[in-house]
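Trainee: Structure incoming, see below.
We did not get these values from a lab; they are worked out from the coordinates using the rules stated. Not measured: the values here are computed from a predicted model. As a convention, Cβ positions derive from the backbone with ideal geometry for all residues, glycine included, and neighbour counts pool all protein chains shown.
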Amino acid sequence: MRQMRHAVAVCLLVAASGAGCVRVRPYQRQRLASPAMQAPVWPALDRADHHTREVREGTGGATGEAGTSCGCN
């Protein structure tokens with residue numbers, strides 16, 4: 001009985017891991033790359049990423065935002 005449960009569990013694991021793998025054809029990539037297929041943007045996370053990029057690169061501006069920064073945290 002225990003071996004049967006083990007075999008069923010292994011089969012389910014193999015089936016679940018294979019379900020996520022799919023081959024995307026070139027004509028399907030255009031649809032998957034559309035803006036509607038992208039994850040939603042969280043404004044707070046977007047601002048944090050922008051700030052991190054400015055500090056790391058040592059650059060700022062050209063984004064249409066007001067204000068200046070010395071690059072210090």
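Trainee: Which of the trypsin sites (Lys or Arg not before Pro) across region 1-32 are loop residues per DSSP, with 12 or fewer other Cβ within 10 Å? The partial results should precede the final answer.
Mentor: On the way: sites: Arg2, Arg5, Arg23, Arg29, Arg31; in loops: Arg23.
Answer in residue order: Arg23.
Trainee: For region 1-57, count all C-alpha to C-alpha pairs, find those more than 16 Å apart, and express that count as a whole percent of the total. Intermediate values should be presented prior to the final figure.
Mentor: Values: 1148 of 1596 pairs.
Tail of P(r) above 16 Å: 72 percent of Cα pairs.
Trainee: Please compute the modelled spin-label separation between Ser34 and Val55, points set 7 Å along Cα→Cβ, answer in nm with one decimal.
Mentor: Result for the modelled spin labels: 3.9 nm.
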